[in-house]
Each structure stands twice: as C-alpha cells, then as structure tokens.
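The values are calculated or read from the model by the stated rules, or taken from the named source; none is laboratory data. These numbers were taken from a predicted model, which means no experiment stands behind them. Positions of Cβ are generated from backbone atoms using ideal geometry, with glycine treated the same way; all protein chains shown enter the neighbour counts. Remember, those area values only see protein heavy atoms, side chains included, never the ligands or the DNA or RNA. Shrake-Rupley method; radii C 1.70, N 1.55, O 1.52, S 1.80 Å.
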Amino acid sequence: MAKKGLGKGLDALFAEEDASHGVIEVKLTDVIPNKNQPRKTFDEEKLQILSDSIKEHGIIQPIIVTKSDDMYVIVAGERRWRAAKKAGLKKIPVLVRDYSSLAVTEIALIENLQREDLNPIEEAQGYRSLIDEYHLTQEEISARLGKSRSAIANSVRLLALDENIQQKLISGEITEGHARCALSVPAGAVRDFFVNRIIEDGLNVRQAELLAKELMTSPKPKPEKKQLSAYKIELDRISKDLEQYLGTKVKLSGNSKKGKIEIEYYGSSDLERLLDLINRR
C-alpha cells in the first residue's frame, strides 16, 4: 500500500501493533473523527459517489479505529465514515487497534499524503502538529514519513503566509510554487500586491520569480523620499493601461479611499473620441 516512499507505509504501521481486536460492527454514532486529522476539506461530489456505492455494496474496507473511553476514534477512513453517514447506515465495520495519540496523528497524515488528499496548507498543518504537539524535529518527521527534510521545511514555511494568501493557495488561485515565491517578498501590502499580480496577469512560477526579484532589487529611494507603496505601484500600472487604451496621457492620484483621474485631450474632436472610447467600456 505504501506509495511514493512515504515512510514504512500504512500496512507496516498497522502490522506493528499486536493488540488488535479484529473487525467488529459498531454503531456509526459511536465512531468519532480524530481531532488531529490533517484533512479539513472533503469533495462533496466524490463523497456522494462513495455514499451511493456504500448504499449498494456496503463498506468493503473496515474503518481503522482506536478505543477512547466509550467511543471509537477514527485512525484511517474518515471519508468512508462520512459517506456511510450520508448513506444512512446505522452500523459500520471497524478494525480496532491500540495506538498512541502520536501514532494516530502520524497514520492519519501518511494516509492522506499517500492518497494525495491534502491541500498544501493542510499538509503543512499536519507537519506543524507533529512538531508542536509531539516535539518531533523535521529530521525525525523526515525519517518517519519518508519525505525529505527540505520538503517538510518548505511546507511548514507556507504557514508564515497571511491567511488571505493561504486561502488563495487552498482554492487553487496560486500554486505552491507561487506561494513559496511570495515568501521572498516583504509581508503586507507588497506581498498582497505581488500575489494579486500573479493572479491577474496569470504569471507562471518562473515569471513570478522574476517579478519578485524585480521588487527586491529595484533602486532604493533616497532617505528624504518615501518608498513607493504597493498602492502607488498599482495606480501607476492602471495609469499606463488607461493611457494605452485611450491613446493620451492619464494621471491618477489619491489614496485607497479617494482619488482623482486626469485625462488630457486636444480639441473637441479628440474629446469626442475619448468619450466614445469611455462609453464603450
């Protein structure tokens, strides 16, 4: 079952524990998700397809659980549990195993990584959980999961991005490569401007790297002059776009709350031409 060199694989991890009680049927309501499950989002369409299959054929592969007081905590198989719930099942087959909380978290992370079910932020949060809650080093996580230490380090770094940029990564508006590139420019308005340019201009990762380099190596302003803000940079870009469209000089000034647009014209016929262009927009 192990894929892509992820540690020992789930089969090996499951086989390590001898204290298992075999497959039993339990009430679906007695089974609860693992609060440290790294996967937070589930594709509703795929969930419905699985639910329809479970209605017809039942659950073929038991859900792996561990006992916690009077409840069973899911170790692997939350998607099947959700689909069974959707299908209206009252009881489900489970395989009870005795695992430590660290093993439960590790297995849940491996299962999702093998299935490629995690978005980049969920993966990063999974690694962060192993670091913060179980005090594992990146080297130890690397050895356990079979992922390179640099891959884990780059993943965790994504959590340094502001939440609005993380959401753009989760939604697929930017790629993980874009997100890593965004970390190379200053946080705040400049980084927001940078990410918006990637989306608006459809930049690939290489183009984003060049833009980041341009932003970071642009001439430094003299001490007595204020550095151009991201908003001013955006105004300049819009001015140039308008000048190209209107065929005349355009000046934008102001701030994010209030501003002014100045459009030059030369004679009444030129003014009529500009009005016609503006009306077309």
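Brief remarks on what is shown
- Across the stretch 95-130, the qualifying residues are those that are under 24 Å from the mean Cα position of the chain (by Cα) and open to solvent by 60 Å² or more (accessible area, probe 1.4 Å), and the one among them that is farthest from residue 171 (Cα to Cα) is 128.
- Given (1) part of a helix (DSSP H, G or I); (2) out of contact with any Phe, Trp or Tyr (no Cβ under 7 Å at 6 or more places or on another chain), index of the condition residue 271 fails: (2)
- Taken over the stretch 95-128, the criterion of being hydrophobic (A, V, I, L, M, F, W, C), more than 20 Å from residue 149 (Cα to Cα) and not in a helix (DSSP H, G or I) is satisfied by 95, 96.
- Any hit, the stretch 30-45, residues being free of Cβ contacts under 8 Å to residues at least 12 places away in the same chain and not acidic (Asp, Glu): yes
- Only one entry in 92, 165 is more than 25 Å from residue 50 (Cβ to Cβ) and either open to solvent by less than 40 Å² (accessible area, probe 1.4 Å) or part of a strand (DSSP E or B) (or both), namely 165.
- Subset of the stretch 206-239 that is open to solvent by 100 Å² or more (accessible area, probe 1.4 Å) and modelled with pLDDT of 85 or more - its residue that is farthest from residue 251 (Cα to Cα): 206
- Pairs where the first residue, in the stretch 145-157, is open to solvent by less than 20 Å² (accessible area, probe 1.4 Å) and the second is among the aromatic types (Phe, Trp, Tyr), C-beta under 8 Å, 6+ apart: 152/127; 155/127; 156/127
- In this entry, residue 172 is excluded by the filter for residues that are open to solvent by less than 60 Å² (accessible area, probe 1.4 Å), under 23 Å from residue 235 (Cβ atoms), without any contact (Cβ under 8 Å) to a residue 60 or more places away in the chain and not β-branched (Val, Ile, Thr).
- Test: residue in the stretch 116-130 that is without any contact (Cβ under 8 Å) to a residue 24 or more places away in the chain and either among the polar types (S, T, N, Q) or closer than 17 Å to residue 33 by Cβ (or both): no
- Residue match in the stretch 131-143 (condition: open to solvent by less than 20 Å² (accessible area, probe 1.4 Å), closer than 23 Å to residue 77 by Cα and touching a helix residue (DSSP H, G or I) at 6+ places or on another chain (Cβ under 6 Å)): yes
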